[in-house]
Amino acid sequence: MTSPTLTTPGAVAPFDGNPDQGVPWHFGDPFAEQRSAARSVVVVDRSNRAVLAVPGADRLAWLHSLTSQHFTALGEGRATEMLILDVQGRVEHHAAVANLDGVVYLDTEAETAAPLLSYLTKMVFWSKVEPRDATAELAVLTLVGPEATAPLTALGLPVPAGALDVVALPEGGFARRVPWPGQDAVDLVVPRGALADWWSRLTGAGARPAGSWAFEALRVESLRPRLGVDTDERTIPHEVNWIGSAVHLDKGCYRGQETVSKVHNVGRPPRRMLLLHLDGSREVQPETGDPVVFGDRVVGRVGSVALHHELGPVALALVKRSVPVDAELLVGAEDRVVQAKADPDSVPPDTPGLGREAARKLGR
């Protein structure tokens, strides 16, 4: 779908191959947009995401049995994230979650929505649930910044009280408070037919228009992975910081749980996602999927690449654990190879689990 915000003054469409087709890439000054997100508030059109709806009396218990998340402990008006893993514990699907008024909403990457819905539909059996595609009905906008709730207050709208709280919007849809990118953000899942009106109201209430360039740069800074960009067919949750946020360790009995348990107890997944600082002296950047090279060995793959208003050119990359933190790396392919070094603050520590106690909990 192509968003109506692409016709607003100053909106620039993304280049071919950019994963955020259909929504604005920036509005003329992507670095100023990032600075506004860091200091006040911006609104980003993320209506290229798909939205699935799962109504039904059994929705929480049913999703609990299929996913990595503890849905039976998810209260009314609460948000979380979830994964669906394969039998080897590798990530197949990721979604942001909201539980509100008898429906669980799952928003996810557009290209994975159809296979996710197909899988969910096949797993219904006798459960009282009716998963469906609600993308034509609902669209995602995101307010980002330390003043993320200010436009809602100015418009007299309900404000989620704290992180991962969800409140219904009087005109349909809901607001979900989330802890990233940056320190604070609010996702607004609004009626798609009213998207242009919502955009106008939010910008009129003080939110600066920002594009996917700014959002992605802040996401990279926040070390938040994106499915299909920062993950590949071998990715397990421990490698990309999804343990805790999208994987609940105090549950078991779901596909891939054995791998989650084993790797958590050892505390050393085969790869780790690092923030790489790229050499900006050349006017080239690596691309998603390009190799990461240490010495004469390929030791990883490039995920998201971004130009950050303070950090400069940066990238997320999945890199073998054996690579030294201070290694001089080469990233890219063909004529876009640049030097890179890992940000030491992005290196996750080795954190073995709780041995038998962790295994006992995960086996519940």
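Numbers at a glance
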quantity: Residue match in segment 246-253 (condition: hydrophobic (A, V, I, L, M, F, W, C), surrounded by fewer than 18 Cβ atoms within 10 Å (Cβ to Cβ), touching a residue at least 12 places away in the same chain (Cβ under 8 Å) and part of a strand (DSSP E or B)); calculated: no
quantity: Yes/no for Arg219 being of a type in the set (Lys, Arg), outside any loop (DSSP other than H, G, I, E, B) and within 14 Å of the chain's Cα centre (by Cα); calculated: yes
quantity: Scope segment 79-89; condition more than 14 Å from Tyr105 (Cα to Cα) and open to solvent by 10 Å² or more (accessible area, probe 1.4 Å); matching residues; calculated: Asp86, Val87, Gln88
quantity: Flag for Gly17 being modelled with pLDDT of 95 or more, part of a loop (DSSP other than H, G, I, E, B), of a type in the set (Gly, Ala, Ser) and surrounded by fewer than 18 Cβ atoms within 10 Å (Cβ to Cβ); calculated: no
quantity: Residue ID - least open to solvent (accessible area, probe 1.4 Å), chosen from residues in segment 125-152 that are more than 28 Å from Glu221 (Cα to Cα) and free of Cβ contacts under 8 Å to residues at least 40 places away in the same chain; calculated: Phe125
quantity: Test: residue in segment 249-258 that is under 27 Å from Ser212 (Cβ atoms), modelled with pLDDT of 95 or more and small (Gly, Ala, Ser); calculated: no
quantity: Residue match in segment 222-237 (condition: part of a strand (DSSP E or B) and under 13 Å from the mean Cα position of the chain (by Cα)); calculated: no
quantity: Sole residue being open to solvent by less than 40 Å² (accessible area, probe 1.4 Å), touching a strand residue (DSSP E or B) at 6+ places or on another chain (Cβ under 6 Å) and not charged (D, E, K, R), chosen from Val292, Val263; calculated: Val292
quantity: Within segment 44-92, tally of residues that are more than 30 Å from Pro30 (Cα to Cα) and part of a strand (DSSP E or B); calculated: 11
quantity: Pairs, first under 19 Å from Leu195 (Cα atoms) in segment 1-29, second among the acidic types (Asp, Glu) and exposed (fewer than 13 other Cβ atoms within 10 Å of the Cβ), C-beta under 6 Å, six or more apart; calculated: none
quantity: Check on Arg272, in a loop (DSSP other than H, G, I, E, B), modelled with pLDDT of 95 or more and either over 21 Å from the mean Cα position of the chain (by Cα) or buried (at least 17 other Cβ atoms within 10 Å of the Cβ) (or both); calculated: no
quantity: Residue tally, condition surrounded by fewer than 16 Cβ atoms within 10 Å (Cβ to Cβ), more than 17 Å from the chain's Cα centre (by Cα) and either on the phi < 0 side of the Ramachandran plot or of a type in the set (Phe, Trp, Tyr) (or both), over segment 160-192; calculated: 6
quantity: Residue within segment 276-295 that is farther than 23 Å from Pro19 by Cβ, over 26 Å from the mean Cα position of the chain (by Cα), outside any loop (DSSP other than H, G, I, E, B) and at pLDDT 90 or above present; calculated: yes
quantity: Residues of segment 312-329 satisfying the condition of being in a loop (DSSP other than H, G, I, E, B) and buried (at least 17 other Cβ atoms within 10 Å of the Cβ); calculated: Val323
quantity: Flag if Glu111 is within 24 Å of Pro237 (Cα to Cα) and modelled with pLDDT of 95 or more; calculated: yes
quantity: Test for Glu76: is it free of Cβ contacts under 8 Å to residues at least 40 places away in the same chain, over 14 Å from the mean Cα position of the chain (by Cα) and either at negative phi or open to solvent by less than 40 Å² (accessible area, probe 1.4 Å) (or both); calculated: yes
quantity: Residue among Ala98, Ala57, Ala53 that is in contact (Cβ under 8 Å) with a residue 60 or more places away in the chain, in contact with a Lys or Arg (Cβ under 7 Å, 6 or more places away or on another chain) and open to solvent by 60 Å² or more (accessible area, probe 1.4 Å); calculated: Ala57
quantity: Total residues in segment 214-256, condition under 25 Å from Pro313 (Cα atoms) and of a type outside the set (D, E, K, R); calculated: 16
quantity: Residue within segment 210-232 that is exposed (fewer than 15 other Cβ atoms within 10 Å of the Cβ) and not charged (D, E, K, R) present; calculated: no
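The values are calculated or read from the model by the stated rules, or taken from the named source; none is laboratory data. If you're wondering where the values come from, they're calculated on a predicted model, not measured in any experiment. Note that each Cβ is placed from the backbone with ideal geometry, even for glycine, and that neighbours are counted across all protein chains shown. Surface accessibility is based on the protein's heavy atoms, side chains included, excluding ligands, DNA and RNA. Shrake-Rupley method; radii C 1.70, N 1.55, O 1.52, S 1.80 Å.
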